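My questions all concern the structure below.
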Amino acid sequence: GEKTTNEYILLSENIETIEGYFLLDHTYDNLFINFIEEKFSGIVPDLIYKKNGVIYKEPLLRKEKNILSSRSFSIAEFSNIEDIMIEYTIADYVFSKKTNIEKAVVYPDLFSEKIFRNGEILITHEKETFFDTTLIYILNSNIKDSQSIIYPFYIGPNSVPFNKPLRFSINLMNDKNINHLVLSSYNNSKKSWAPLETQRDGNKTLSSKIK
(Lines give C-alpha, C1' and ligand atoms only; values in the text may rest on other atoms or scores of the structure.)
Protein backbone atom coordinates (compact mmCIF):
# COMPACT_ATOMS: atom_id res chain seq x y z
CA GLY A 1 0.00 0.00 0.00
CA GLU A 2 0.93 3.65 -0.16
CA LYS A 3 3.02 5.15 2.62
CA THR A 4 1.11 7.68 4.70
CA THR A 5 2.57 10.93 5.95
CA ASN A 6 1.59 12.39 9.31
CA GLU A 7 0.50 16.01 9.29
CA TYR A 8 0.30 18.07 12.48
CA ILE A 9 -1.91 21.13 12.76
CA LEU A 10 -1.48 23.91 15.32
CA LEU A 11 -4.89 24.93 16.67
CA SER A 12 -3.67 28.04 18.51
CA GLU A 13 -1.46 30.53 16.68
CA ASN A 14 -0.56 32.58 19.78
CA ILE A 15 3.15 31.67 19.89
CA GLU A 16 5.49 34.03 21.72
CA THR A 17 8.53 31.82 22.29
CA ILE A 18 9.84 28.30 21.71
CA GLU A 19 11.08 26.06 24.52
CA GLY A 20 13.02 22.88 23.81
CA TYR A 21 16.41 21.24 23.71
CA PHE A 22 18.93 19.69 21.32
CA LEU A 23 19.69 15.98 21.14
CA LEU A 24 21.90 13.98 18.78
CA ASP A 25 20.72 10.73 17.25
CA HIS A 26 23.92 8.84 16.58
CA THR A 27 24.29 5.57 14.70
CA TYR A 28 27.53 3.95 13.54
CA ASP A 29 27.84 5.90 10.31
CA ASN A 30 25.59 8.93 10.68
CA LEU A 31 24.39 11.61 13.06
CA PHE A 32 21.18 13.61 13.09
CA ILE A 33 20.74 16.89 14.97
CA ASN A 34 17.35 16.84 16.68
CA PHE A 35 15.47 19.62 18.40
CA ILE A 36 12.76 18.49 20.83
CA GLU A 37 10.01 21.06 21.33
CA GLU A 38 8.45 21.13 24.79
CA LYS A 39 5.25 22.32 23.14
CA PHE A 40 4.30 21.74 19.52
CA SER A 41 4.88 24.98 17.58
CA GLY A 42 3.60 24.06 14.14
CA ILE A 43 6.59 25.91 12.66
CA VAL A 44 9.49 24.33 10.78
CA PRO A 45 12.73 26.07 11.75
CA ASP A 46 16.04 26.21 9.92
CA LEU A 47 19.24 24.59 11.10
CA ILE A 48 22.20 26.97 10.86
CA TYR A 49 25.81 25.91 11.30
CA LYS A 50 29.33 26.74 10.21
CA LYS A 51 31.59 24.28 8.38
CA ASN A 52 35.08 25.13 7.17
CA GLY A 53 34.33 28.82 7.61
CA VAL A 54 31.13 28.73 5.53
CA ILE A 55 27.67 29.27 7.09
CA TYR A 56 24.95 26.84 6.02
CA LYS A 57 21.18 27.12 6.46
CA GLU A 58 18.93 24.07 5.96
CA PRO A 59 15.29 23.38 6.94
CA LEU A 60 14.65 20.74 9.57
CA LEU A 61 12.20 17.88 9.06
CA ARG A 62 9.38 17.32 11.56
CA LYS A 63 9.71 13.57 12.02
CA GLU A 64 7.35 13.43 15.02
CA LYS A 65 4.95 15.95 16.47
CA ASN A 66 7.48 17.47 18.86
CA ILE A 67 10.72 16.27 17.23
CA LEU A 68 12.49 18.12 14.44
CA SER A 69 15.46 16.49 12.75
CA SER A 70 18.25 17.44 10.37
CA ARG A 71 19.52 15.52 7.40
CA SER A 72 22.13 12.89 8.16
CA PHE A 73 25.75 13.91 8.69
CA SER A 74 28.72 11.58 8.42
CA ILE A 75 31.08 11.46 11.39
CA ALA A 76 33.78 13.20 9.35
CA GLU A 77 31.41 15.98 8.28
CA PHE A 78 29.92 16.49 11.72
CA SER A 79 33.34 16.71 13.34
CA ASN A 80 33.96 19.87 11.26
CA ILE A 81 30.68 21.55 12.19
CA GLU A 82 30.50 24.37 14.72
CA ASP A 83 28.20 27.20 15.86
CA ILE A 84 25.07 25.04 15.66
CA MET A 85 21.75 26.82 16.12
CA ILE A 86 18.14 26.71 14.98
CA GLU A 87 16.10 29.66 13.81
CA TYR A 88 12.31 30.06 13.89
CA THR A 89 10.50 32.79 12.00
CA ILE A 90 7.47 33.75 14.10
CA ALA A 91 5.19 36.43 12.68
CA ASP A 92 7.50 39.40 12.10
CA TYR A 93 10.46 38.37 14.24
CA VAL A 94 13.10 35.65 14.36
CA PHE A 95 13.74 33.43 17.39
CA SER A 96 16.98 31.46 17.57
CA LYS A 97 18.44 28.89 19.97
CA LYS A 98 22.08 27.83 20.04
CA THR A 99 23.77 24.73 21.40
CA ASN A 100 27.34 23.92 22.34
CA ILE A 101 28.34 20.37 21.39
CA GLU A 102 31.90 19.44 22.30
CA LYS A 103 33.05 16.41 20.33
CA ALA A 104 36.02 14.21 19.48
CA VAL A 105 36.57 11.40 16.98
CA VAL A 106 37.86 8.16 18.54
CA TYR A 107 39.31 5.09 16.85
CA PRO A 108 38.89 1.45 17.98
CA ASP A 109 42.62 0.64 17.87
CA LEU A 110 43.80 3.73 19.79
CA PHE A 111 43.71 4.75 23.44
CA SER A 112 42.70 8.37 23.95
CA GLU A 113 41.79 10.89 26.63
CA LYS A 114 39.63 13.86 25.72
CA ILE A 115 39.09 16.99 27.82
CA PHE A 116 35.78 18.85 27.73
CA ARG A 117 34.33 21.97 29.36
CA ASN A 118 37.71 23.62 29.81
CA GLY A 119 39.09 20.78 31.90
CA GLU A 120 36.00 20.01 33.99
CA ILE A 121 35.29 16.68 32.24
CA LEU A 122 37.78 14.04 31.11
CA ILE A 123 36.64 11.04 29.04
CA THR A 124 38.97 8.06 28.68
CA HIS A 125 38.57 5.80 25.66
CA GLU A 126 40.31 2.43 25.96
CA LYS A 127 41.25 0.44 22.86
CA GLU A 128 38.30 -1.45 21.35
CA THR A 129 35.72 0.42 23.41
CA PHE A 130 33.78 0.77 20.16
CA PHE A 131 33.81 -1.58 17.22
CA ASP A 132 34.45 1.17 14.67
CA THR A 133 35.51 4.79 14.37
CA THR A 134 32.95 6.89 16.16
CA LEU A 135 32.34 10.19 17.89
CA ILE A 136 32.11 10.91 21.60
CA TYR A 137 30.53 14.17 22.64
CA ILE A 138 29.25 16.25 25.53
CA LEU A 139 25.91 17.98 25.25
CA ASN A 140 24.29 20.21 27.86
CA SER A 141 21.29 18.47 29.38
CA ASN A 142 17.79 19.91 29.74
CA ILE A 143 17.30 18.42 33.22
CA LYS A 144 15.45 20.87 35.45
CA ASP A 145 16.83 19.71 38.77
CA SER A 146 18.66 21.52 41.56
CA GLN A 147 20.42 18.49 43.10
CA SER A 148 23.43 18.57 40.79
CA ILE A 149 26.29 20.83 41.89
CA ILE A 150 27.49 21.18 38.27
CA TYR A 151 25.52 21.83 35.10
CA PRO A 152 24.12 18.40 34.03
CA PHE A 153 25.48 16.98 30.79
CA TYR A 154 24.80 14.16 28.36
CA ILE A 155 27.57 11.85 27.14
CA GLY A 156 27.14 10.40 23.66
CA PRO A 157 27.00 8.41 21.49
CA ASN A 158 23.61 6.78 21.76
CA SER A 159 22.45 3.87 19.59
CA VAL A 160 26.05 2.64 19.34
CA PRO A 161 26.96 -0.44 21.41
CA PHE A 162 29.92 -0.27 23.79
CA ASN A 163 32.41 -3.12 23.70
CA LYS A 164 33.99 -1.80 26.93
CA PRO A 165 32.87 0.78 29.51
CA LEU A 166 33.68 4.43 28.86
CA ARG A 167 35.35 6.10 31.83
CA PHE A 168 34.68 9.73 32.67
CA SER A 169 36.02 12.01 35.40
CA ILE A 170 34.73 15.26 36.85
CA ASN A 171 37.19 17.82 38.16
CA LEU A 172 35.46 19.95 40.80
CA MET A 173 37.25 23.27 40.64
CA ASN A 174 35.98 24.55 43.99
CA ASP A 175 36.38 24.12 47.72
CA LYS A 176 33.66 21.51 48.24
CA ASN A 177 34.46 18.33 50.15
CA ILE A 178 33.92 15.42 47.75
CA ASN A 179 33.75 12.66 50.38
CA HIS A 180 29.96 12.57 50.30
CA LEU A 181 29.46 13.34 46.60
CA VAL A 182 28.61 10.71 43.99
CA LEU A 183 28.28 10.77 40.22
CA SER A 184 24.76 9.90 39.11
CA SER A 185 22.75 9.06 36.02
CA TYR A 186 19.38 10.70 35.43
CA ASN A 187 16.35 8.53 34.73
CA ASN A 188 14.01 10.54 32.52
CA SER A 189 10.98 8.30 33.03
CA LYS A 190 11.29 8.36 36.85
CA LYS A 191 12.56 11.97 36.97
CA SER A 192 15.21 10.98 39.50
CA TRP A 193 18.95 10.39 39.87
CA ALA A 194 20.51 6.93 40.23
CA PRO A 195 23.97 6.89 41.85
CA LEU A 196 26.87 5.41 39.91
CA GLU A 197 29.82 3.56 41.42
CA THR A 198 32.14 6.50 42.09
CA GLN A 199 35.90 6.61 42.64
CA ARG A 200 37.63 9.58 44.29
CA ASP A 201 41.09 10.73 43.27
CA GLY A 202 42.48 13.22 45.74
CA ASN A 203 40.24 16.05 46.87
CA LYS A 204 38.80 17.31 43.61
CA THR A 205 38.16 14.45 41.14
CA LEU A 206 35.27 11.99 40.86
CA SER A 207 35.32 9.14 38.31
CA SER A 208 32.93 6.49 37.06
CA LYS A 209 32.07 4.37 34.02
CA ILE A 210 29.16 4.10 31.62
CA LYS A 211 28.29 1.18 29.35
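The values are calculated or read from the model by the stated rules, or taken from the named source; none is laboratory data. No experiment lies behind these values; they were computed from the predicted model shown. Calculation scope for accessible area: heavy atoms of the full protein, side chains included, ligands and nucleic acids excluded. Shrake-Rupley method; radii C 1.70, N 1.55, O 1.52, S 1.80 Å.
Given 10 Å bins starting at zero, what is the percent of C-alpha pairs of the chain in each, up to the one with the largest pair distance?
Per 10 Å bin, starting at zero, the Cα-Cα P(r) for the chain comes out as 7, 29, 32, 22, 8, 1, 0 percent.
Now for a separate question. Normalised by the residues of the chain, what does the relative contact order come to in percent, with Cα pairs under 8 Å and at least six apart?
After rounding, I find 14 percent.
Quick check on region 116-211: what are the equivalent-ellipsoid semi-axes from the Cα gyration tensor, as sqrt(5λ), descending, whole Å?
They are 22, 17, 13 Å, listed largest first.
How large, in percent, is the carbon and sulfur part of the accessible surface of the chain at a probe radius of 1.4 Å?
So the carbon and sulfur contribution to the accessible surface is 47 percent.
Oh, and also: Heavy-atom accessible area per residue, the chain, 1.4 Å probe: how many Å²?
Averaged over the residues of the chain, the accessible area is 61 Å².
Taking 0.36 nm per residue of separation and subtracting the Cα-Cα distance, what length does fully extending Thr205 through Ile55 add?
Using 0.36 nm per residue and subtracting the Cα-Cα distance, I get 50.1 nm.
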